[in-house]
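Every number in this text was worked out from the coordinates using simple rules, so none of it is lab data. Only a predicted model underlies this, so the values are computations on that prediction, with no experimental measurement involved. Using ideal geometry, Cβ is built from the backbone for each residue, glycine included, and neighbour counts are taken over all protein chains shown.
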Amino acid sequence: MTARVLVTGAGGPAGVAVIRSLLRREDVTVFAADRDGWASGLYLVPAERRRLLPPGRDDAFVPALAALVAGDRLDLVVSTVDVELIALADRRDELAPAVLAAPSAETLRVSLDKLALADRCAATGRSPRTVLAGPDALALDWEFPVFAKPRQGAGSRGIRLVPDRAALEALPLDEGLIVQDLLPGEEYSVDVIADANGGIVAAVPRTRARVDSGVAIAGRTVLDPELEDTAAAVARAIGLVGVANVQLRRDRAGRAMLLEVNPRFPGALPLTIAAGVDIPSLVVDLFLGETLPERVGFREVASVRFLEDVIVEVDAILESEHAGHQDES
């Protein structure tokens, strides 16, 4: 039986990687959607399977997606965009009979709140000390410098180095900042997939040798049991079922510590796939009720990225009133 699968966020690196992975399967019919008619991933699938959607923050997004499910008789929806996952977290039933291939609403909530994430993962011993800026932070003794960053939000936006106690006292209290012990060592991204029972099928660490606009454009996978075990412990602590990207950084003592969790497909997914763990394909099997392997191994490989043109006829470009950049959707 052929599964009909919609991949949203077709203009982002993760969306393109997921689409390309699933196109290799003969038992999957891939549909692609984005808010922008210029999204490159749309043009990896035939014209009759390209769709436009409102932005994830738009009130019309969930009803529009539900209409696509009905009209295209979809079995599975794979969203690669954070704000879409947030919008769908408590409304996935509206997509029935299609299944949303995403972690639970609770896992999403904890992952996207850095203070809640640190508290949830404290028992792993791999979560840095994390408190709210203000009285909670001032009540503790710190080894300066320390980090301050927004409690919610992705990437490096809003992060600042706090060099001393005077700077700690001067932190604004209206920006939802948290304060954490400094993690000065090397950073790693670990792509994790967990089965329906929360068992860790794979945890693939990779370096971020070159980064452009927050997306790794060069790196390598790393066989490192400490990194794998740390990411697996974090995934179990947040109750992960499905895919997440666990970011780790080494502390002053060289131990791998939790930086943040992105509960979605990562942009550098092709490297993990090339290393032997085809996460998109595994996720499709998982959410369609198939039993996953107990463990999938990987090997050390490296990758560099480059732009690739998709040439289409002018009249094939989808027109959309929501045209814009994918990272705003």
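Compared with the direct C-alpha span, the chain from Asp174 to Glu26 gains 48.1 nm at full extension, assuming 0.36 nm per residue. What is the helix-to-structure angle for 13-23, meaning the angle in degrees between its Cα long axis and the longest Cα principal axis of the chain, kept from 0 to 90 and rounded to the nearest 10? Between helix and principal axis, roughly 40 degrees. If R0 equals 35 Å, the separation of the Cβ atoms of Ala105 and Ala302 corresponds to a calculated FRET efficiency of about 0.45.
So if I place +1 on the C-beta of Lys and Arg and -1 on the C-beta of Asp and Glu, and nothing else carries charge, what would the dipole magnitude of region 160-307 be about its Cα centre? I want it in debye, nearest 20. That gives region 160-307 a dipole magnitude of about 360 debye.
Using a cutoff of 8 angstrom between alpha carbon atoms and counting only pairs six or more residues apart, the relative contact order for the chain works out to 20 percent. Across region 253-264, coupling constants 3J(HN,Hα) worked out from phi with the 6.51/-1.76/1.60 Karplus curve, θ = phi - 60°, read 8, x, 7, 6, 10, 5, 9, 6, 10, 10, x, 7 Hz, and Gly and Pro carry x.
Of the beta bridges in the chain, as assigned by DSSP with both residues counted there, near 70 percent are antiparallel. Would you grab the residues whose amide H sits under 5 Å from the one on Leu100? Only those 5+ places off in sequence or on another chain, please, with H modelled 1.01 Å from N. It is Val77, by chain and number. Label-to-label distance for Asp93 and Glu294 is 3.7 nm, based on points extended 7 Å past Cα in the beta-carbon direction. Our helix-only sum for the chain, with -39,500 (n - 2.57) per DSSP H run of n ≥ 4 divided by its residues, gives a mean residue ellipticity at 222 nm of -7000 deg cm²/dmol. What percent does the relative contact order of region 173-329 come to when contacts are Cα pairs within less than 8 Å and at least six residues apart? Worked out over region 173-329, it gives 25 percent.
If R0 is 41 Å, the Cβ-Cβ spacing of Ala47 and Ala166 corresponds to a FRET efficiency of close to 0.10.
Need the full-extension length gain, Ala67 to Thr124, defined as separation in residues times 0.36 nm minus the C-alpha distance. One decimal, nm.
Numbers: separation 57, 0.36 × 57 = 20.52 nm, distance 4.23 nm.
Length gained, Ala67 through Thr124: 16.3 nm.
Hey, what D do you get for the chain in µm²/s if you plug the Kirkwood alpha-carbon radius into Stokes-Einstein at 25 °C and 0.890 mPa s? Stokes-Einstein gives a translational diffusion coefficient of 119 µm²/s. In the chain, a dipole from Cβ-located charges (positive for Lys and Arg, negative for Asp and Glu) runs towards its positive end, and of Ile217, Leu85, Gly15 it is Ile217 whose Cα lies farthest in that direction. Against the main long axis of the alpha-carbon atoms of the chain, helix 61-72 sits at an angle near 30°. The chymotrypsin sites (Phe, Trp or Tyr not before Pro) of region 257-325 that meet both conditions, a loop assignment by DSSP and at most 16 other Cβ atoms within 10 Å of the site Cβ, are Phe306.
For Ala316 paired with Asp212, estimate the spin-label separation in nm (one decimal), with each label point 7 Å from Cα along the Cα-to-Cβ line. Modelled inter-label distance: 2.4 nm.
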